[in-house]
Amino acid sequence: MPLKVDIVTAERLVYSEEGVDEVVAPGIDGELTVLPMHAPLLTMIKPGIMRIVKGGQDTDMAITGGFLEVRDDRVTILADAAERADEIDVVRAEEARRRAERVLEERVSEEELARAAASLQRALLRLKVAERRRRRTGLRPGPPGV
Amino acid sequence: MAMGTLRQIRRRIRSIQSTAKITRAMELVAASKMRRAQLNALAGRPYAEKMRWVLADLAETLPLIEPEALHPLLQRREVKAMEIILVTPDRGLAGGLPSSMNRRAAQFILERGVPVRVVAAGRKGRDFMRRTGQQVVAEFIAIGDNPGYEEIRPIAQVVMQDFTAGLADEVYLIYAEYVNTVTQRPQVFKLLPVEPPAEAETARVDYIYEPGREAVLAELLPRYVERQLYGAILEAIASEQSARMVAMRNATDNANELMRDLTLVYNKARQEAITSELLDITGGVEALKGK
């Protein structure tokens, strides 16, 4: 029985093919070949080239890393959408923090917290009042000035 | 009635007409953006599903592991501080959606007895939290209508860092759940610690894990958190666009109604003006006849 192969990323289904004879993937512990009747397997894969053999024809695909699952002659690759550049994420995360920090000056005192809570309570009340007024007058939300 | 009023009414009608054109265009744009966001959300579903299966399978042995040996993202602690990711639109004209998101978040903060740190994803939420003096620890503005996975990951990065560093003992996600075109509901979802799904559909497969169970779990968990966040943000975008679509449709309807009323007023005023002119003329003729 031939294999069914799916490659999915968090964003979309990238590749789906039935009747595959053999899959060669860059496993974390070295290259691995999956043939029909393979035991259930879940392995991490490294960025590299994956070869899919179907009817004597080879298809090479660039893989960015992720996981490979084999189960009941179905091979699913949970691929990372792109190579995981964790440093970039860290840099962007730091930027987001700094943007926020510019406004927030180390306020952790009890008094500050109480003041913030009170301010929040007031805002909540205002929202509630606005909501009620809108319901009562039957005015539907729309742009101002119409 | 004087000609001046007539001109004023005509000008008014024309300005309402152009407003209606704009709101109608915004409605159409929002509708197409909403469809796009829905398609994006659907496209990522196979990945999310698979990941849930695998995690459910991995989780079965978790109760056997010593609490200290658990992966950091799974660790449950006494809750002394929390963090929320508040997903809101950047722009207004989306009906009551931004304010109902902020209201839900405010309620959440007030209900807990512990300090809550805010990670704002969206301008409306950030502005609100800042105005009310909350602790906004990171902000992500201009995520856009069609964000890639890459753009969402830094948000997950922030909360995972804070969680593992002990700055927050629980992390919640507050976003607009898409129910249908007219209904969007603020939803609160616990993101961290990760609670592995308990699904029976995995049908218990004895996987061989390479390089090992723990290593796979350690790699999988951050991606699981990212994927959940990504899915929620796509849903929030669909919600935002559909809220905007409905708001703009209402605005267009209101404008059209107003235009109808004003046209009536205009015609009436025009007829009155004609009548009074006629009266003037006939009055003049009568007066001349009398001589």
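The values are calculated or read from the model by the stated rules, or taken from the named source; none is laboratory data. Predicted model only: the values in this text are computed from it and were never measured. Cβ placement follows ideal geometry from the backbone for every residue including glycine, while neighbour counts extend to all protein chains displayed.
Only one of the numbered conditions (1) away from chain B (no Cβ under 13 Å); (2) over 16 Å from A:LEU3 (Cβ atoms); (3) surrounded by fewer than 15 Cβ atoms within 10 Å (Cβ to Cβ) is not met by A:ASP58, and that is (2). Only one of the listed residues (B:ASP261, B:ASP280) is closer than 30 Å to B:LEU93 by Cα and exposed (fewer than 15 other Cβ atoms within 10 Å of the Cβ). That residue is B:ASP261.
Only a single item in (1) within 28 Å of B:PRO196 (Cβ to Cβ); (2) within 11 Å of chain A (Cβ to nearest Cβ); (3) out of contact with any strand residue (DSSP E or B) (no Cβ under 9 Å at 6 or more places or on another chain) is not met by B:GLU151, and it is number (3).
Taken as a whole, the range A:56-72 holds at least one residue that is modelled with pLDDT under 85, of a type outside the set (Gly, Ala, Ser) and part of a loop (DSSP other than H, G, I, E, B). Can B:VAL205 be described as more than 25 Å from B:PHE108 (Cβ to Cβ), touching a strand residue (DSSP E or B) at 6+ places or on another chain (Cβ under 6 Å) and surrounded by fewer than 21 Cβ atoms within 10 Å (Cβ to Cβ)? For B:VAL205, the condition - more than 25 Å from B:PHE108 (Cβ to Cβ), touching a strand residue (DSSP E or B) at 6+ places or on another chain (Cβ under 6 Å) and surrounded by fewer than 21 Cβ atoms within 10 Å (Cβ to Cβ) - is met. Candidates in the range A:91-114 are the residues that are part of a helix (DSSP H, G or I) and at pLDDT below 70; of these, the one that is surrounded by the most Cβ atoms within 10 Å (Cβ to Cβ) is A:LEU113.
Scanning the range A:16-46 for residues that are within 24 Å of the chain's Cα centre (by Cα) and surrounded by 15 or more Cβ atoms within 10 Å (Cβ to Cβ) yields a total of 11.
What residue, of B:ALA94, B:ALA48, B:ALA106, is under 23 Å from the mean Cα position of the chain (by Cα), outside any helix (DSSP H, G or I) and within 9 Å of chain A (Cβ to nearest Cβ)?
B:ALA94 is the lone residue from the list that is under 23 Å from the mean Cα position of the chain (by Cα), outside any helix (DSSP H, G or I) and within 9 Å of chain A (Cβ to nearest Cβ).
Scoring A:MET1 on the criteria (1) modelled with pLDDT under 85; (2) assigned to a strand (DSSP E or B) leaves a single failure, condition (2). Counting only strands (runs of 3 or more DSSP E) that sit wholly inside the range B:141-212, those with at least 3 residues that are among the hydrophobic types (A, V, I, L, M, F, W, C) and under 17 Å from the mean Cα position of the chain (by Cα) are B:170-178. Each residue in the range B:109-140 was checked for being more than 8 Å from chain A (Cβ to nearest Cβ), surrounded by fewer than 18 Cβ atoms within 10 Å (Cβ to Cβ) and among the aliphatic types (A, V, I, L, M), and 1 pass.
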